[in-house]
Structure formats: C-alpha cells, structure tokens
1. Being out of contact with any helix residue (DSSP H, G or I) (no Cβ under 6 Å at 6 or more places or on another chain), loosely packed, with under 15 Cβ neighbours inside 10 Å and farther than 20 Å from N340 by Cα is the filter; apply it to segment 456-484 and report the residue that is modelled with the highest pLDDT.
2. What are the residue pairs meeting all of these: first residue in segment 438-458, first residue of a type in the set (D, E), second residue at pLDDT 95 or above and not in a loop (DSSP other than H, G, I, E, B), Cβ atoms under 8 Å, and 6 or more apart or on different chains?
3. Give the residue that is nearest to Q141 (Cα to Cα), with candidates limited to residues of segment 393-441 that are surrounded by 23 or more Cβ atoms within 10 Å (Cβ to Cβ) and of a type in the set (V, I, T).
4. Might you let me know whether segment 69-80 holds any residue that is over 15 Å from P395 (Cα atoms) and either under 23 Å from the mean Cα position of the chain (by Cα) or in a helix (DSSP H, G or I) (or both)?
5. Against the conditions (1) closer than 25 Å to G501 by Cα; (2) in a helix (DSSP H, G or I); (3) of a type outside the set (F, W, Y), where does K134 fall short? Just the number, please.
6. For segment 573-602, which residues satisfy the criterion of being over 14 Å from G619 (Cβ atoms), among the polar types (S, T, N, Q) and part of a loop (DSSP other than H, G, I, E, B)?
7. Of everything in segment 452-479, what is over 20 Å from W329 (Cα atoms) and either assigned to a strand (DSSP E or B) or touching a strand residue (DSSP E or B) at 6+ places or on another chain (Cβ under 6 Å) (or both)? Give them in sequence order.
Amino acid sequence: MISFLLSIVAFFSVAALGASLADIDHVVLFMQENRAFDHYFGTLYGVRGFADPNAQINANGRSVFYQQVNASLSNATDYLLPWYINAQGGEFLNGTQCMDAGSNGFGSNHAAFGNGSNDLWALQNTPQSLAYFKRQDIPIQFAITDAWTVGDMYQQGVVASTNPNRVLWQSGSINIPGGNVNSTQGPVLDNNVTPGCDTLSLENYLTGATVNTYQNISCFPFDWRTVNEYLQDLNVSYWVYQACDNFGDNGLTSFARYIWDSSNTVNDTVNDLVIRSMTMDWTGSGAWSGGLDHFKADAAAGTLPTVSWIIGPAELSEHPPYTPRQGAWLQKEVINAVQNSPKYNKTILIISFDETGGWADHVIPFHSPEGTPGEWINNPFTNTSTFSGPGFRLPFYAISPYSRGGNVFTEPADHTSQIMFVEKFLAAKGIDFKSAEINTWRREHMSDLTAMFDFSTIDPSYYTLPEGETPYQDALTGLLYGAEFCEFKYAGSIHAQVPYGKQNATIELAVEAGFRSVRGSITEGRYLVFESASLALADCAGALAVSSSQPRKQTDPSQRWIIHAIDSTMATATVFKISTPAGQYITSALGLTDVSRAGTWNITHAAESVGTYWVQETGSGMYLTLTDAEPVLGTDPAPFKLFSVTF
C-alpha cells in the first residue's frame with residue numbers, strides 16, 4: 001500500500017512539473033565488480049547477445065563465437081563455444097556461483113583480443129572465461145533488465161583490472177600519454193596502491209626475469225583532478241556511500257588529495273572533500289555497515305545529495321568468488337531504496353560493473369583509431385602499440401520512472417559516459433561542470449546516456465523484483481561469508497567441466513524469445529523490426545512489403561532485418577545497408593537484391609523524442625514510409641519505432 005501511494009504521489013508531482021532532466025534532483029552511480037555482458041546476458045532476449053547477426057567472421061571462416069583450442073587444452077576439438085556454466089546440473093547449480101574465470105589484467109585480456117580476432121580467450125586467458133549464466137541462475141539481474149533499460153554496448157573504460165577502471169570512473173582519465181592530463185603519475189594499468197611506480201617488461205612477462213626494461217606505470221598516488229573536486233568547487237552536494245570492507249573499490253583512495261594526513265584541519269576545504277568522499281560509517285546492520293544504511297536512510301527521507309556513488313562490501317560485489325546471488329541482493333536493496341523514496345520520480349540510479357573479471361565477451365571493443373592521443377599505448381607484454389580502452393562489454397542498466405519498460409539502449413558507452421551524464425544533468429540545472437580530464441575522442445564517441453531516458457513518459461509504479469538469497473552473515477561479528485560458504489559447501493561442484501568436443505552451436509548459442517524497444521542511436525548487432533503506426537516492414541517471398549506488427553513482431557521472421565554500418569569506426573555512424581537474415585538487401589528503389597546493388601539508408605534518432613527514428617534513402621534524400629498497401633518513399637519523415645527481437 002505504501003509503495004502504491006508513493007507511486008500516485010510521484011505521478012502527480014511529475015505531471016505538475018512537466019518532467020525533464022532539469023527536474024531530476026538526485027543521480028546515483030552504483031558500480032559492481034568483474035562480470036562481462038555475455039557472461040550475464042548472452043542469452044537475454046532482445047539484446048546484442050549470442051543471436052548477434054553481425055558477429056565478426058574471422059580469417060578461418062568461423063564466427064568470433066568459435067574460440068580457438070589446441071592440444072594444450074584438448075585433443076577432442078579445435079574450438080570452444082561459449083558454454084552454459086550449469087549444464088552439469090546437480091550441486092553445480094549452486095557451486096558455480098563462486099567459480100572464477102581468468103585474468104582481468106591488461107596483458108591477458110589484450111592477448112585474448114588477439115589483435116582483433118577476439119578468439120583467443122580459451123588459449124590466452126582461460127577456457128572458463130567462456131562460461132555463462134542463464135535467467136534461472138541470476139533471476140534478479142535479468143528482472144532488472146525486464147523492468148527498466150539495459151545498455152548492451154556499455155564497455156569497460158580500460159582493458160585492465162579494477163583500479164584503472166574505477167580511477168577512470170571517478171576522474172575521467174588514467175593518464176595515457178598524449179591525453180588531457182599532464183602528469184607523471186601514470187598511466188594507470190594495474191592495481192598498484194603502494195607509493196611509487198610499477199615497472200613492467202616483456203622479459204619479466206615471458207621469462208620471469210627480474211631485469212626491468214619497460215616504462216613505469218601506475219605511479220601511486222595520482223594527482224589529477226577528480227569529479228568530486230569539481231563538485232566541491234561548484235558547491236554541488238555529493239557523497240560516497242561506501243562499505244567498510246569495500247575491496248578498495250573507491251578509486252579516490254589512489255589520489256594524493258584524499259589521503260588523510262595531519263595537515264587536514266576541520267575547516268579546511270580538503271578536509272570537507274575527504275569527509276564526503278572517504279567517510280566509512282562503522283555502525284550499521286552488518287551487511288549494510290559502512291554507509292549503505294546511510295544511503296537507505298537518505299533515500300527514505302528524500303535527502304540524497306545531488307550526486308552520489310555507492311561502493312558496496314566485497315562479499316556483495318559479485319567479484320568471483322563472491323557470488324552473483326549475493327550481489328543481486330545488494331542490487332535489489334539499492335533499487336528498492338530508490339523506488340521507496342518519496343523522490344523516486346526525481347532520482348536516476350545507474351548500475352554498472354567496473355570490468356570483465358576475465359569473463360569473455362564476443363563483441364569487438366569499439367575503440368579509437370591507432371595513434372589517437374591519450375588512448376593508445378605501448379603494450380608492455382608484446383612491445384606493440386595497442387588501445388588502452390574502451391574494452392569489452394559489461395552489464396549495465398538505468399533505474400528510474402523514465403527508463404521503465406524493458407528497453408535496450410544501443411549507444412557505445414564507457415565509464416566516462418557516467419561523468420558526461422552528470423555534466424548534462426548539472427547543465428540542465430544551470431551548473432557549468434565539464435571534466436577537462438576526459439579525452440576528446442571519448443567525448444566525441446562515447447554516449448552521454450541521456451537517450452536512455454524518456455521524460456515524456458513516466459511509470460513510477462513499484463516493480464517487485466524476484467526473491468533472492470539473503471547474505472550469509474555471522475550473527476556475532478556481522479561479517480559476511482557468502483563466498484566462503486559456497487566454497488566450503490559445494491567444494492566438489494564449483495569448477496564446471498569444460499565441454500570440449502561436446503558442443504552444439506544451436507544449443508550453446510540459444511537465446512530467450514522476446515523483444516525490446518530500442519533507445520538511442522542504433523548500432524549493429526541485433527535483429528530489428530521497423531514499425532510505424534502498427535505496420536512493419538516485411539520480406540514477402542522476396543519482395544519488400546508491409547504487414548501488421550502486432551503481435552507478430554515477436555514471432556514473424558519476415559519482419560526481422562539486419563543493419564550493416566558503412567563506417568564501423570564511427571560511434572555516431574548513421575548510414576547503413578539493410579538486409580534480410582537470408583542476405584537480401586533493400587535497394588534505393590525499394591526492392592530486394594544482393595549486396596552489390598544495396599541502397600544506403602540514414603537511420604537517425606530523434607533526440608527530442610526518445611525511441612523515434614527516421615529512415616532516409618541517402619541518394620534521393622527521401623524518407624521511408626509504410627502505407628497499408630506497400631512501403632514508399634516520401635518527402636516527409638515518417639516516425640518509426642525500432643524493436644530488437646530474438647526468438
């Protein structure tokens with residue numbers, strides 16, 4: 001009843017205001033640990049998962065899903081597909097919750113990338129990297145995507161471990177040479193938190209030699225400006241809600257200005273910065289101790305700061321061996337705290353993960369061209385030039401009354417996108433904040449996330465997430481022990497057997513049936529339905545036609561289309577060829593033909609109307625329109641809705 005009444009209040013409050021980004025009062029950024037998009041959501045309906053029609057085909061003629069295997073791993077096969085982690089059943093349904101993958105390090109993940117083939121995960125990382133969960137294993141994470149908006153092109157900021165990604169998340173940079181930061185304290189490529197620099201060399205990596213022949217990296221502590229410092233100077237309220245045992249996940253602890261010393265006084269600005277960014281509340285109810293009870297109380301009172309970060313306890317972080325089920329409990333508690341807030345209609349919660357944790361993802365990371373200032377670096381493990389990031393995709397979703405509906409957001413994004421969203425949010429309130437540390441290329445190519453939200457439509461109703469697993473907690477000490485419980489009770493059922501030579505692609509790459517409304521600028525990787533006024537573009541026995549889209553878009557293969565980017569190096573590319581799954585392309589004269597005579601189509605997203613698209617033939621400048629009889633070209637733009645469909 002309380003949740004219902006809050007929803008009614010929220011509805012009329014927003015109706016009276018006329019919602020826009022300026023009406024949002026609270027942005028909450030919550031980051032979890034070490035999971036990849038395919039590992040969690042490869043089987044999820046309506047996203048760029050295992051049904052990806054644009055999956056890269058490598059030089060060996062196989063798609064990127066076929067990961068290379070040799071005799072060092074198995075003689076039963078020469079490939080390994082992504083594989084279901086719980087195929088063995090029994091106690092593995094529980095034990096694999098605390099199963100680990102491979103390395104999340106810079107060297108191992110670039111090696112798995114294989115200079116662009118992205119098919120060396122089994123050989124250069126681990127075969128376990130290819131394991132994935134399904135809905136029944138992580139029901140809360142799946143339910144969040146059903147209720148709100150999931151991003152399927154959100155990437156880790158750095159192809160590296162936790163600290164580089166969290167430093168980027170909270171400061172906008174890892175200080176790659178040539179970028180916007182001019183500092184000797186970097187570049188941040190590993191988790192060093194000891195004063196001084198780490199030194200890596202090719203010889204060290206290959207032979208274990210102790211001679212250091214490569215440049216210094218991760219020179220702790222760092223000294224460039226962080227987001228919190230900007231907010232402090234602008235008198236914008238903020239707080240870092242962090243657990244006591246937070247895994248070192250507050251990246252600000254790596255910056256000199258946040259390291260407490262005797263020079264900080266009560267009235268000093270630095271002191272206030274440290275208090276807001278570093279405080280750990282040592283009181284609280286066990287699993288919530290260290291600021292998370294504080295967050296729930298502030299949300300309930302409607303007194304959250306303008307910008308806040310949530311950094312949970314290690315045991316609930318989802319970092320292997322800490323389990324997805326325990327982390328799901330934390331996600332649910334945070335989401336429910338926001339939903340129950342009297343200011344839910346004025347709050348946006350963004351949930352992300354820092355990096356892949358060594359779990360594999362099939363999508364080739366969207367990254368900058370070679371030599372881009374501040375983005376490319378010499379790989380210390382191969383002595384060749386490589387991109388620092390963005391890297392592989394991660395789970396990502398946004399919770400608010402304006403992101404309801406089980407949508408999919410398709411714009412390339414990374415951790416700097418969250419900072420750029422805060423910039424847009426504050427700009428809407430007349431506050432001029434711009435992080436000078438974010439490199440130009442990322443500003444031009446990474447999303448600012450605003451298209452995730454449709455402020456013309458509000459659904460403040462309370463969404464009840466599935467029941468989950470309550471954290472295992474010592475009654476006397478309050479300490480959490482979920483991972484330890486899993487490792488002890490299911491000791492013989494943690495490391496699932498790699499199915500060498502036993503795989504069937506139809507089974508391993510099967511996905512859920514369903515569809516999602518598309519939000520944001522469209523990118524490759526999905527089967528799309530083009531719908532306009534309940535009509536859908538269709539392939540009728542080899543001819544371009546129109547058919548009813550309701551409810552057939554869920555099941556009708558004739559309405560599925562694939563887009564092919566003309567310039568895949570541009571995140572903002574809007575020009576595509578459009579084909580059927582069978583490889584017939586739409587011509588400029590609205591016929592179907594082979595690729596050699598394909599037309600090109602400018603598919604643009606209407607920024608002022610989230611989820612509305614126009615489809616324009618580039619040669620004539622005419623717009624695609626669907627009539628009851630047939631598709632035609634006209635001078636006026638016809639609004640389309642796009643749906644990402646899997647079945």
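The values are calculated or read from the model by the stated rules, or taken from the named source; none is laboratory data. The structure presented is a predicted model; accordingly, all values stated were derived computationally and were not measured. Cβ sites come from the backbone with ideal geometry, for glycine too, and all protein chains shown count toward neighbours.
1. Within segment 456-484, the match that is modelled with the highest pLDDT is S456.
2. Note: pairs meeting the criteria are D448/S417; D448/M420; D448/F421; D448/E423; D448/K424; D454/R519.
3. So, considering only residues that are surrounded by 23 or more Cβ atoms within 10 Å (Cβ to Cβ) and of a type in the set (V, I, T), the one nearest to Q141 (Cα to Cα) is I399.
4. no
5. The number of the failed condition is (2).
6. T574, T580, Q584 - these are the residues of segment 573-602 that are over 14 Å from G619 (Cβ atoms), among the polar types (S, T, N, Q) and part of a loop (DSSP other than H, G, I, E, B).
7. Result: M452, single match.
Condition check ((1) buried (at least 16 other Cβ atoms within 10 Å of the Cβ); (2) assigned to a loop (DSSP other than H, G, I, E, B); (3) not assigned by TED's automatic domain parsing to the domain that holds A19) across all residues:
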site	(1), (2), (3)
A607	no, yes, yes
V610	yes, yes, yes
L624	yes, no, yes
A629	no, yes, yes
K641	yes, no, yes
